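What follows draws every value from the coordinates through simple rules; no lab data is involved. Since the structure is predicted, the reported quantities are computational estimates derived from the model, not experimental observations. A quick note on method: Cβ atoms are made from the backbone with ideal geometry, for glycine too, and the neighbour counts reach across all protein chains shown.
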Amino acid sequence: MTQSFYHTFLAGLVAAIVGVTWCLAGTMHANDADREAANEGRIGSILMHTVLVEDQDDQPMAAGEAAARELMAAIGDAPLQAVLVSECFEDLPWKQQLLQGIGSVIPKERIFGSSTYGSFTQRGTAGFDSVSLLGIAGDGISVSAALVTEMEVARLTFEDSEPLIKERLHAVGKQLTDKLQRTDQDRLMILLADAHSPKNKYLVEGVQQVVGPDFPITGGSANKNAGQTYVYFQGKAYADSAVALMLSGDFQVSLSGRKAMENDQVIATAKDGAAEALAKMTGQPLGVLAFNCAGRRGRLHRPEDEWTAIRQALGEDLALFGCYCAGEVGPLDPSEQVPGVLVGGSGWHVMFTVLGR
Amino acid sequence: MRVETLTVPPATGPLAMVMVQNAGSASWEGQIVLRPPPSWQLSPDTRTVRLDSGETQRLAFNIARGRNLETNRYPFEITAIGPDGQATHRQQTFVASAPYFRVQVDGRPDEWDDAIPISFRTDQRETTISTYWSRRHFSLLVAVDEQELVPWDASGRSSFDAIQFDAVQFALAAVPPPDQPPDLAAAGRFEFLLVATEDGGAKCFRLVTPEMRPDEAARPRPLDSLECDQVEVAVWRNDGITYYECSVPFRLLDNALLPIAGREFFFSVLVHDPDGTGLRDLAHHAKLWPDRGDPHAWNRWAGGCWQDVSPLGNKIRWGLCTSKY
């Protein structure tokens, strides 16, 4: 647990909770034009909030409930569009208890996410027995969600079955995208799947066959540890599945990606990638999504060093929803980018997306 | 020149690490070219390097495209091209990595189907080593093809000239940061010994802990004072193969090994087969270089196969990965 955490006591649960708000409502508009437009009702509000809870008392349901209550208290009356869950509890019974706790506060149909190797916000990082929530609310943003189950690639290996993996994940990508409600204000797709790197590249290619190669997509592969691989759709856990969320509204996104496999490079690339995504945002930044590789974290001499570098690049006040994954979706490292293709699925990357307007 | 073990499956695109050492009396400058297994791509495959006399460097080559192989044998070719000509070294390496899996220590080898086994032969007898990790345990299965299982001789357990018996000995150590000078005053590793007992059971002994002096760590001590019941262990025999299975709690290892995917550590295994092949050393299969510290690299417990072959060091680079799929 990091020093910046503070403690909340809830029904015997000792949990470390951090809450961060990204707000584009009321007095926190990006600029004068936005403020004026909002006052006139031409653009809606966008409210985002992150919470990180570390359960130290083996009570996943209480941890989920505590996180959800903290989130909803921050969101207030803004209409909740979706909640993204990054959780690192062990085994399905605990994961289900966690979802039950979250679902006791938040409508289940708004709950999406995946199992991860841990989470980070700008206030701290956490591994086992932790949950991070990103709440997306307001009438200036909408979220459409889709689920595809029974992908049947989890136990296929590249050396034996690459053509079959490619065929199935291309089909899943297309199915997912076809299920989404599309609008002319679609801005960002978040993709969460049981498709460990390097399989995730074929899932992304399948999505791109529908949305095109230059559409912004980010996301991560679910925790691949045996028995831990789940995505969450409308409050339920699904194995062998993929979830897509389409974020739509009057906002912008800027993306960057970096790859590294050794301590010093992991730290340096995280800082560079975060700084690049932030610099590319022409509007007022609202917050940052960071899908990071669990393997990168494993190569750090001190696991907190990468997080510190990210925070140095983004500043201490800009909200951050990050998680450690088994494969990442976003812009590939500059050394691996394909001309005309904005994003790909890969491993050993940290993928940043800044939302703003 | 030597290719290190791969600490995650190559299909995930990790680094291949090459150790180069200048054994000459003058400095050397040139190129190191790494040729990977067929159909792989490295990016780049050439590194320019300058080595002073006696200097060792560890060079990273990015595997842009790799393939996992069921055999877990990966042929590499390293060529050094310098002003005086070129030299080539061919070597097979292997994936030394523990996937995540919570195993029960109950004598069921089928639970190990999702591991990444490493097999090597000693005098026509095969040894297969598999590892797993979970949140709370590091687990090991060693399958030893041998004529007979000789259990620990309880009657000689306190003697320093004990009768020899079959056993598996393994070492675990943290990988220190590259800028941290080695602590030559401490062993810096854990060592454990697994044996079958005459009543059909099994025991684990903790031979070495990191704070021990290197010479003290290498010296034999009476085994019965070293029993470690926190390590779950089972030994059984089936169809000519002796299986040693154990799970070591991470909390027993202090911070030498943290249960985090992608984490690297040092690991090696010795198999003692006194009535058959003698000592079987995983480090020989990993092509570790001999080192002047090797005499202190392993605890020379009484009853082990130390008479014919000296083992190499105990520092094979190993990793914790997520899955072999």
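Structure notes:
- Segment A:163-221 - percent relative contact order, Cα under 8 Å, separation 6 or more: 50 percent
- Whole-angstrom gap from segment B:282-317 to segment B:112-155, using each part's C-alpha centre: 17 Å
- Kirkwood analysis of the Cα pair distances in segment B:28-141 returns a hydrodynamic radius of 17.1 Å.
- Of interest is the spacing of the C-alpha centroids, which for segment A:117-151 and segment B:213-229 amounts to 50 Å.
- Virtual paramagnetic centre 7 Å along Cα→Cβ of A:Glu167, amide N under 11 Å, in segment A:193-230: none
- Going by neighbour counts of Cβ atoms within 10 Å, the residues B:Cys246, A:Cys325, A:Cys88 line up, fewest first, as B:Cys246, A:Cys88, A:Cys325.
- Distant alpha-carbon pairs in segment A:272-346 (separation over 19 angstrom), percent: 41 percent
- Dipole moment magnitude, nearest 20 debye, chain B about Cα centre, only Lys, Arg, Asp, Glu C-beta charged: 1180 debye
- Counting DSSP beta bridges with both ends in the protein assembly as shown, the antiparallel % (nearest 5): 90 percent
- Cα→Cβ-extended label distance, 7 Å offset, between B:Glu211 and A:Val210, nm: 6.0 nm
- Charge dipole (debye, nearest 20) of segment B:2-93; +1 at Cβ of Lys and Arg, -1 at Cβ of Asp and Glu: 300 debye
- D (Stokes-Einstein, µm²/s), Kirkwood Cα radius, the protein assembly as shown, 1.306 mPa s at 10 °C: 60 µm²/s
- Each residue, B:Ser43 and B:Leu258, gets one label point 7 Å from its Cα in the Cβ direction; the gap between the two is 2.9 nm.
- Between B:Gln104 and A:His301, the FRET efficiency from the beta-carbon distance, with R0 = 51 Å, is close to 0.95.
- Our coupling estimate for segment B:228-242, obtained by passing each phi through the Karplus curve with A = 6.51, B = -1.76, C = 1.60 and θ = phi - 60°, is 10, 7, 6, 8, 6, 9, 9, 10, 8, 10, 8, 6, x, 10, 9 Hz, Gly and Pro reported as x.
- Tensor-based shape of segment B:2-93 (alpha-carbon gyration tensor, a/c under 1.5 rounded, otherwise prolate or oblate): prolate
- Per residue of peptide A:155-161, the mean number of Cβ atoms on other chains within 10 Å of the residue Cβ is 5.
- Tensor-based shape of chain B (alpha-carbon gyration tensor, a/c under 1.5 rounded, otherwise prolate or oblate): prolate
- Percentage relative contact order, segment B:2-93, counting C-alpha pairs under 8 Å, at least six apart: 34 percent
- Among the trypsin sites (Lys or Arg not before Pro) within segment B:31-90, those in coil by DSSP and having at most 16 neighbouring Cβ atoms inside 10 Å are B:Arg73.
- Only one residue of B:Ser119, B:Ile129, B:Ala64 has its Cα farthest out toward the positive end of the dipole of segment B:11-130, where Lys and Arg carry +1 and Asp and Glu -1 on Cβ, and that residue is B:Ala64.
- Positive-end extreme of charge dipole, segment B:2-93 - chosen from B:Trp28, B:Leu15, B:His89 (charges on Cβ): B:Leu15
- Judged by the gyration tensor of its Cα atoms, with axes a ≥ b ≥ c, chain A is rounded; a/c sits under the 1.5 cut.
- Karplus (6.51, -1.76, 1.60) ³J(HN,Hα), θ = phi - 60°, over segment B:3-16, in Hz, Gly and Pro reported as x: 8, 6, 5, 8, 9, 9, x, x, 4, 7, x, x, 9, 9
- Here the calculated FRET efficiency for B:Gln147 and A:Gln185, from their Cβ-Cβ distance with R0 = 56 Å, stands at 0.15, rounded to the nearest 0.05.
- When each of the peptides A:156-166, A:252-262, A:101-111 is scored by the mean number of other C-beta atoms lying within 10 Å of its residues, the order from highest to lowest reads A:252-262, A:101-111, A:156-166.
- Packing-based order for A:112-121, B:163-172, using average beta carbon neighbours within 10 Å, highest first: A:112-121, B:163-172
- Between the C-alpha center of segment A:280-357 and that of segment B:33-77 there is a gap of 28 Å.
- Positive-end ranking of B:Ser268, B:Thr242, A:Leu188 along the dipole of the protein assembly as shown, with charges on Cβ about the Cα centre, is headed by A:Leu188.
- Across A:Gln100, A:Gln337, A:Gln208, mean-square fluctuation computed from a Gaussian network of chain A (C-alpha pairs under 10 Å connected) peaks at A:Gln337.
- Backbone HN-Hα couplings from phi across segment B:304-309 [Karplus 6.51/-1.76/1.60, Hz, Gly and Pro as x]: x, 8, 9, 6, 9, 10
- Radius 13 Å from Cβ of B:Trp318, net charge of other residues (Lys, Arg +1; Asp, Glu -1): +2
- For the peptide B:5-12, the mean number of other protein chain Cβ atoms found within 10 angstrom of a residue's Cβ is 4.
- Of the residues A:Leu52, A:Leu289, A:Leu80, the one with the fewest other Cβ atoms within 10 Å heads the list, and the complete ranking is A:Leu80, A:Leu289, A:Leu52.
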